[in-house]
Each structure stands twice: as C-alpha cells, then as structure tokens.
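Trainee: Once you've had a glance at the structure underneath, I'll fire off some questions.
Since every read-out is calculated from the coordinates, none of them should be taken as a lab result. On a predicted model such as this, the values are computed, not experimentally measured, just so you know. We place every Cβ from the backbone using ideal geometry, glycine too, and count neighbours over all the protein chains shown.
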Amino acid sequence: MKKTLITLSCVLLLNLSANQELPDILQKDFKVTLDWLDEKPKSYAKDFYIIQYLKQDNISIDDAKKAYEMANSSNSMVKSLYNKKFRTIPKEEMKCYQASVDELLKENSKCIALGLSLKEATKLDKTKLKEFISKLDAYPTLKNDLEIIASSNPFEELKNIGANRFLNLFFKMNKSYRMNTLSEKLDEEFINKLALEKNFYKFIRYILFDKEYKNLLESLLLVKDNKSLIADANFLLGLNAINFDKPDLAYQFFTNAYEKSYLRSDKDKSLFWIYMITENNSFLYELSKSWDNNIYSLYAKEILDVDIDNIVYNIELANTKTNFDIYDQFEWIKVLDDTKKNLDENKLNTYKNIFTDESTLPHYAYILERYVRYKTQYIITPYKDLLKDYTPYKKSLIYSIARQESRFIPSAISPSTAQGVMQIMPFLSKAIAEKLNEDYNIYEQFDPKTNIRYANFHLESLMKQFNNNPLFIAYAYNGGAGYTRREFRKGLFKSKAKYEPFLSMEMISYPETRNYGKKVLANYYLYNNYLNSENKINLSTIFQTLVVPD
C-alpha cells in the first residue's frame, strides 16, 4: 500500500507541469490534434476535446472517424456532431427521411418504416393510417402501433396489450396526443400493473408536473405499496397525494420514501414532509440531527435553535508553491479516480503535500470532504482577489453557485461540456464574448478570472429578471430563464397556501433544476451569514420571499 502511495505522489509531483503562468490550452495558438487526443485517457474531458477537434475546419473524414472512435460510445454529443458533419446517409434513405406523408405512401415498407414517426402518425386521418398499415406486414411492431392509433378507442386498446407496451407507447407519443387521447382514468388493477414496471417512475415524472393530466394523476392515488417502487417514485406519489389533499396517503408514501432512500439528503427531504403533514416536532428534532446541511435540516436547526457544528470555513494549507497544474483536466480526473475508494490518512497526507497553496484550496477541500465522507462540509471562499470588489450579496451568490457547479475546480468539465468554476456552457460563453465585443477562445473558460467574469455578466441579467431572488436565479442559471418563467406560469410560487413555498419547490419539473435550486439556496444561506455577518438572514425570512408577483 505504501509503495502505491509513493508512486502516486511521485507521478503527480514529477509529471505535472510546474504552475505555468500560461498553460498550453490557454495559449492562443493551441489546437487539439489527433496525436494530442491519442495520449489522453477516455473520459468526459477527452470527449470535450474530441468535440472541439471535430468542430475544426479542414478535417478529413478519416481523421474525424479516428477521433470519433476515441470517444465514449455513450456520448450523444460527440455522436450527434460527428453524424451531422461527417456521416453520409445513402440517398435512398435520405429520400425517406425527407419525404412527405403522401410521398411515403408511394414507397415500400422499408422506406415507410424509416420515414414515418408515431408522432406524425397521430396527426393522420384513419384512411391514410389504414393505407400505411396495409403495407407494413414486414414491420409488425410499427404496424401494430399504427393499428392502435387507428382504432376507435386507442386508450382501451393500449390497456389491452399490457402495462409494458402501454408505457412504451405513451412515451413515444407527442404531448397533445397523450393529453387528448391517453389521459383517462385508470382502474386500480391496471395502475398497479403499471406500478410494477421499471418505467413507472418515468411515467410519474411525465405526468406529475402538469395539471392537465388530472385523470391520470387521480389514478395514481390508487397505487398500492409494493417493494418494486423506488424511493423517488414513492416521494413523487406523496407529492401527488398532497396535491389532492390526501395527507394520510401522502404520509404513507413519504414514509416509504424515507425508508428506501440511500442519500442522507433524500431521507431529510422525506422526513421534512412527514413533519409538514403531522406537525409533530419529534420529526423536526430528528431532522435537526442530520449531518447533511440542506434546506430541510438547516431549517429544522434554525427553528429548534440548534447550532450547525459540522461546517469548516477555513482550511490550513502549507502555503508553499504547488506543482499541481490546476488547468489540466486529466490530472484532476486521476485524483478523482484515486480517491474514490481507500482514501485513508496516508493518502490524505500525500495530497496535503500536493495541494499546498491558494490555487489548490478547492482541490484540497474536495479531498477532505471525501475523506470525512461528507459528514463535514467545507464552505470555502477561494478567488478572493477576483471577487474583492463585489458586494456581499454578489459574493454569496457566486460562491453558492460555484460550490454547487464545480466545487470551485477551474479545470472542471461536465458531460454536457459546461466549463470551469462556474460551469458555463460553450454556447453561452460565446454569446457573452460577442456581447462584450471580445475575441472568443473556448479554452479561456478554464481560467477562473475569465470564467467568473463571464458568469458575473450573465448573473447581472438574471438578477434583474428575477428580482435578486437567489432561488429563482439558481433555477434560471441551471435550467434557463425561459424555462423558469414557464414553470412560474404554471402557478408555482404564486400563493402563500399551506405547504408553500415548499410544495412549489418540489414541483419544478426538471429534477436536476429542482435539486440544484435547493442546494444553491442552502449554500446561499450559509455563505451570506458567513460573509455578511452584520446582516444575517434567517431561512424562514428567505422562504417568505419566494413568491412570484402577479
């Protein structure tokens, strides 16, 4: 074991570039080459650079194919870009993809199968559907799907072919067809057959956040407790029961969610809703003992006047110049892989001797949290020189978002290609560069100075649009301003009724955005009260501000 640690330390200390002022990727003439890519291990970071390579002009099809084959097969962004620029679709197939419905009717079964989608089929009259059906003996699945659409009662036909098929076709149809044709009440027997399917959770997510599915949502109240229902499904069924004013049923589902949840934050979420329903302070007290500092546990501690005793704001560093290249995504990935398991005190000390100055404070904090298994949270404040002229509010907001986005790691790349400390998507950073009238270099987003400056520019706009509300800004930062406004138009955060604003917070339709907003809000509460000690704020006060004006 010691030999392994010594080898790892030597590799990091000897092979990493020595604190370059201008690393290779930040130089203006840097370009990704096949040779450069070939040296890199498969990872989401390599996929990011493959995308940049494929975007370059004057790349041969052979070279593009070599780069494409280096990527993770599951990366849809690489596949989409490669197919768009370099894949040649046979003319006979392209004709089918581009054909109108009337043109397709004149073609053979293979062409029809290529060109006719179920979403298009739902818009056709029964006469044309029957013409297509008569030509599709060689494609029985598509033929059967069209026969259901052409029937006098597609909803009953779908029920008759079974739960699994019902769900598969439900997902394939467009929203208007689901609303108009497939949104009828389901009997108790059939809804419980659906509940046994692995895609049932997906089905709940499709319908829960849209009141127009009222009949299907009411059918969910008939779901019986079963072992196959995962924690998340139980939790959403609990929310649905709350929406129908069935607190006893909601209690049952939330209790199941609590028992089945693995993450402490998910247990706390269920426990909070059990408290909301019962108003029993014993649940609040249990919640206050949680080691995970989320909005629910922090609120419980605030109400019960319990101190938060597992947060560290300052970390002692060796204060010697590091040899770790903070811009190198692949070296950071090595560290992440190395510390996933078996992170003992010896290995921690190895990294303590590598992450030695302020530039590597985020890296060391990340490793420390892994070492203590997140039982202590490190609310650090790096990049002070870059934020020194910002108001306490702006600092708190940026720190809150950066901690959630990247844990402040400058070289961070997400699977969706978001970059840097603030995880800005390339399309957004390019648009910001144009607005600032600056030359655009995508790799400069790995420089905290540029990345934070661009994020600040974007946040200024979001602050104006969402009235400086940290939760609403977080939603917009993650899901987009347009998406956030569409969610509000559904009636979220419009009233001070029972369970608000907590119910609205759970009814944000994108799971990532929903969870992101709550995590950023918890960060904001902690950062504001640390950085702005003369103007501390209570969570209860923050919750009172979560109302969208008419």
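Trainee: Can you give the relative contact order of the chain as a percent, counting alpha carbon pairs under 8 Å and 6+ residues apart? Mind showing how you got there, number by number?
Mentor: Numbers: 634 pairs, mean separation 62.8, N = 550.
After rounding, I find 11 percent.
Trainee: Continuing with this model, one more query. Could you give the length gained on full extension between Lys79 and Glu92, defined as 0.36 nm per residue of separation minus the Cα-Cα distance, in nm?
Mentor: 2.5 nm
Trainee: When the helices in the chain are scored as -39500 (n - 2.57) per DSSP H run of 4 or longer and the sum is shared across all residues, what 222 nm value do you end up with, to the nearest 500 deg cm²/dmol?
Mentor: Taken over the chain, the calculation gives -17500 deg cm²/dmol.
Trainee: Could you tell me which label, among (i) 84, 61, 48; (ii) 78, 67, 52; (iii) 67, 63, 51, carries the value of Cα extents along the principal axes in Å calculated for this structure?
Mentor: Recomputing Cα extents along the principal axes in Å here gives the entry labelled (ii).
Trainee: Evaluate the charge dipole of the chain about its Cα centre and quote only its size in Debye, nearest 20, assuming +1 on the Cβ of each Lys and Arg and -1 on the Cβ of each Asp and Glu.
Mentor: 700 debye
Trainee: Now for a separate question. How about the stretch 249-310: which GluC sites (Glu not before Pro) there lie in a loop by DSSP and see at most 14 other Cβ atoms within 10 Å?
Mentor: Glu279
Trainee: Farthest toward the dipole's positive end in the chain, which of Ser152, Asn281, Ile473, given Cβ charges of +1 (Lys, Arg) and -1 (Asp, Glu) about the Cα centre?
Mentor: Ser152
Trainee: Right, another one. Considering only DSSP states other than H, G, I, E and B, which trypsin sites (Lys or Arg not before Pro) in the stretch 269-338 qualify as loop sites with at most 16 other Cβ atoms within 10 Å?
Mentor: Lys289, Lys321
Trainee: Once phi is turned into ³J(HN,Hα) by the Karplus curve 6.51 cos²θ - 1.76 cosθ + 1.60 with θ = phi - 60°, what whole-Hz value does each residue of the stretch 137-151 show in order, with x for glycine and proline?
Mentor: The phi angles translate into 4, 6, 10, x, 5, 5, 4, 5, 4, 5, 5, 5, 4, 7, 6 Hz.
Trainee: If you keep only loop residues by DSSP, which chymotrypsin sites (Phe, Trp or Tyr not before Pro) in the stretch 242-294 have at most 10 other Cβ atoms within 10 Å of their Cβ?
Mentor: Listed in order of number, the matching sites are Tyr262.
Trainee: Pop out the ³J(HN,Hα) list for the stretch 104-118 in order, Karplus 6.51 cos²θ - 1.76 cosθ + 1.60 with θ = phi - 60°, rounded to Hz; leave Gly and Pro as x.
Mentor: So the J values, rounded to whole Hz, are 5, 4, 8, 9, 7, 5, 4, 5, 4, 4, 6, x, 9, 9, 5.
Trainee: I would also like to ask the following. Mind listing the phi-derived Karplus ³J(HN,Hα) values for the stretch 532-545, rounded to whole Hz, using 6.51, -1.76 and 1.60 with θ = phi - 60°, and x for any glycine or proline?
Mentor: After applying 6.51 cos²θ - 1.76 cosθ + 1.60, I find 10, 4, 7, 9, 5, 10, 8, 4, 4, 5, 4, 4, 5, 8 Hz.
Trainee: While we're looking at this one, here's another question. Please list the non-local residues whose amide H lies under 5 Å from the amide H of Ile424, H modeled 1.01 Å from N, same-chain partners needing a gap of 5 or more.
Mentor: When sequence neighbours closer than 5 places are left aside, the close amide H contacts are Gln419.
Trainee: What ranking, highest mean first, results for peptides 191-197, 292-298, 542-548 when packing means the other Cβ atoms within 10 Å averaged over each residue?
Mentor: 292-298, 191-197, 542-548
Trainee: Here's something else I'd like to know. Using 0.36 nm per residue, how much length does the chain from Gln56 to Ala138 gain when fully extended, once their Cα-Cα distance is taken away?
Mentor: Taking Gln56 through Ala138 to full extension adds about 25.3 nm, to one decimal.
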